[in-house]
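First up is the structure itself, then whatever we jot down about it.
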Amino acid sequence: MYKVSKYNIKLPIGDVGFSYIYNSKSGAIVKLENKIYESIARRDFSSEEVEPLVADLLRQGIIVHDSKNEVNELLISHRIAAFQINFNVLTIIIAPTMACNYRCVYCFEEGNNTDNSCMSLETCNQVERFISSLIESNQLIKKLKIIWFGGEPLLAFDTVMRPLTSKLQTLCGAKNIYYDSEIVTNGYLLDCRRIEELLGPLNVRGFQITFDGREENYCKFKKPPLGAYERVKGNVFALLQYISEHGIKARVDLRINVTKDNMGDAKLLVEEIKKDKRYVGGIHFYLGRVRGKQCNCDIFELHEFEHFEKEFADFIQKPPHAWSPKKVWCNQYTLNSFCIGPHGELYKCEHDFGNKNREIGSVLRGIDFNDFFVKYITMPIADKCCECILLPLCMGGCPNVRVADSYSCEFSLDKVIADACDYVRSAYSISK
């Protein structure tokens, strides 16, 4: 009648008399007496110890009905999520310009960007009408989330970000929809005037700012204007100070892009920032793995990056967590997220800005449903992924990679097990 889920992972935790099982499909972690675990492994579900637990074990996904094909269930759920036309949150990533005041060595724009113009007022109006049409087609939308991207979006702060935000906020007000926004920026233009407006009338509540180490590596990797390192640090401190003084709920992520060439700076950068007398707290530090083929750097292999990432997480005392299952890897694989370029061109992924071969339409004419769009949104999950015990955690990985290479492994089994073990040890105060 029942069988053990194929997504059960026994965690190597030294707690005498007990077994800990993590299920990657449900996200559940259960603690079982060894004799109960052994009975389940033998499929002895009618035993005196196991029978009272069957309902809970089914609910947690540790066991499933014998007839259930768990892989097919995941593939169907994946398709449903990708093609869901009724959803609550509409996410739009907008690049108001592809111009940038930096020249980061790993930037995806390399080879794509030959246009430094900004979005015109006419295009802003078309963007507003396009988003309005998406909202009109789905009465369940309760939130519009705008992510400002680029290029460097703050180069178009006065000409695009401010007026377009006003239009979208007016639209949301008329439709009784919550407006939210975030920005990905290098922080060079994040001065006091813009901070006050971003956190005030523009309602930006998320900031991602990249540092690639201390000043020498920062300049080497990002090729910024003279004096940028200290200027951006000062801007970040001013941002944190404003958030703190005004009691605003906003998230500031400081991303440290790393290769083997600059990895030694990651911890030192955190120390430098935290020791600065201007620092009032509030930064979420995390690492980004540089993968760009055009970057002339010594790039990490996946397992190498994961090892260093664990060291860094311990250093910043990041709370342990267990991985949660996904229906899709990211929103770009669904119909509730689109990317809009400075001329109103549409893409599925923000890393495709400027790539004519990956345009899927425009805000003026809508989605073209061209061959690339159909290929992107209907990609099958690779057979190798379907055989993997981690399939529920990534569902095939990054669609932008898969559309070119069909296979994208985002993390290892060792990492998932280590993270789950750390989480359990923390929750139960179990020593290693």
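Matching residues to (1) under 18 Å from Asn217 (Cβ atoms); (2) acidic (Asp, Glu); (3) crowded, with 16+ Cβ neighbours inside 10 Å:
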residue: Ser244; (1), (2), (3): no, no, no
residue: Gly247; (1), (2), (3): no, no, no
residue: Arg251; (1), (2), (3): no, no, no
residue: Thr259; (1), (2), (3): yes, no, yes
residue: Ala266; (1), (2), (3): yes, no, yes
residue: Glu271; (1), (2), (3): yes, yes, no
residue: Arg278; (1), (2), (3): no, no, no
residue: Ile283; (1), (2), (3): no, no, yes
*State whether the residues of region 95-102 include one that is polar (S, T, N, Q), assigned to a loop (DSSP other than H, G, I, E, B), touching an Asp or Glu at 6+ places or on another chain (Cβ under 8 Å) and modelled with pLDDT under 95.*
yes
*Evaluate region 5-19: report whether one residue or more is more than 29 Å from the chain's Cα centre (by Cα), at pLDDT below 95, acidic (Asp, Glu) and within 22 Å of Val416 (Cα to Cα).*
yes
*Within region 157-199, can you find the residues that are part of a strand (DSSP E or B) and either of a type in the set (Gly, Ala, Ser) or over 20 Å from Ala238 (Cα atoms) (or both)?*
Tyr178, Tyr179, Asp180, Ser181
_Return the residues of region 1-32 that are touching a residue at least 40 places away in the same chain (Cβ under 8 Å), surrounded by fewer than 15 Cβ atoms within 10 Å (Cβ to Cβ) and within 30 Å of Trp329 (Cα to Cα); say none if nothing qualifies._
Pro12
*How do the pairs read when you match residues in region 417-429 that are touching a residue at least 12 places away in the same chain (Cβ under 8 Å) and of a type in the set (Lys, Arg) with residues anywhere that are surrounded by 18 or more Cβ atoms within 10 Å (Cβ to Cβ) and in a helix (DSSP H, G or I), using Cβ under 6 Å and keeping only pairs 6 or more apart or on different chains?*
none
*Looking at (1) at pLDDT below 90; (2) among the aliphatic types (A, V, I, L, M); (3) assigned to a loop (DSSP other than H, G, I, E, B), find the lone condition where Val401 falls short.*
(3)
_Cross-chain or 6+ apart pairs with Cβ under 6 Å, region 379-400 first and within 19 Å of Lys415 (Cα to Cα) and outside the structural domain of Lys327 (by TED's automatic domain parsing), then part of a loop (DSSP other than H, G, I, E, B) and among the charged types (D, E, K, R)_ = Pro392/Lys25; Cys394/Glu410; Met395/Lys326; Gly397/Glu410
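Please go through region 33-67 and pick out each residue that is surrounded by 12 or more Cβ atoms within 10 Å (Cβ to Cβ) and in a loop (DSSP other than H, G, I, E, B).
Scanning region 33-67 gives Arg43, Asp44, Phe45, Ser47, Glu49, Val50, Gly61, Ile62.
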*Based on what the data block shows, is Ala322 modelled with pLDDT under 95, buried (at least 16 other Cβ atoms within 10 Å of the Cβ) and not assigned by TED's automatic domain parsing to the domain that holds Glu272?*
no
_Quick check on Glu271: is it more than 21 Å from Glu197 (Cβ to Cβ) and either among the basic types (Lys, Arg) or in the same structural domain as Arg205 (by TED's automatic domain parsing) (or both)?_
yes
*Out of Asp15, Asp56, Asp115, which single residue is acidic (Asp, Glu) and closer than 30 Å to Gly187 by Cα?*
Asp115
_Residues satisfying the stated conditions in region 1-28, i.e. out of contact with any Lys or Arg (no Cβ under 8 Å at 6 or more places or on another chain) and under 19 Å from His65 (Cβ atoms)_ = Met1, Lys6, Asn8, Asn23, Ser24, Lys25, Ser26, Ala28
_Number of the exception - Asn203 against (1) on the phi > 0 side of the Ramachandran plot; (2) at pLDDT below 95_ = (2)
_Qualifying residue in region 356-372 (condition: of a type outside the set (A, V, I, L, M), in contact with a Lys or Arg (Cβ under 7 Å, 6 or more places away or on another chain), surrounded by fewer than 20 Cβ atoms within 10 Å (Cβ to Cβ) and free of Cβ contacts under 8 Å to residues at least 40 places away in the same chain)_ = yes
*asked:* For region 67-87, give me each residue that is at pLDDT 95 or above and either over 22 Å from the mean Cα position of the chain (by Cα) or of a type in the set (Lys, Arg) (or both).
replied: Ser67, Lys68, Asn69, Glu70, Val71, Asn72, Glu73, Ile76
*Would you call Phe315 over 30 Å from Leu134 (Cα atoms) and in contact with a helix residue (DSSP H, G or I) (Cβ under 6 Å, 6 or more places away or on another chain)?*
yes
*Which members of region 203-224 meet the condition of being surrounded by fewer than 22 Cβ atoms within 10 Å (Cβ to Cβ) and in a loop (DSSP other than H, G, I, E, B)?*
Asn203, Arg214, Lys223, Pro224
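On the basis of being of a type outside the set (A, V, I, L, M, F, W, C), modelled with pLDDT of 95 or more and part of a loop (DSSP other than H, G, I, E, B), does Pro380 make the cut?
Here the answer is no, as Pro380 does not meet what is asked.
Within region 21-40, which residues are within 25 Å of Ser324 (Cβ to Cβ) and either at pLDDT below 95 or not hydroxyl-bearing (Ser, Thr, Tyr) (or both)?
Those that are within 25 Å of Ser324 (Cβ to Cβ) and either at pLDDT below 95 or not hydroxyl-bearing (Ser, Thr, Tyr) (or both): Ile21, Asn23, Lys25, Gly27, Ala28, Ile29, Val30, Lys31, Leu32, Tyr37, Ile40.
The values are calculated or read from the model by the stated rules, or taken from the named source; none is laboratory data. Computed from a predicted structure; not experimentally measured. Backbone-built Cβ (ideal geometry, glycine too); neighbour counts: all protein chains shown.
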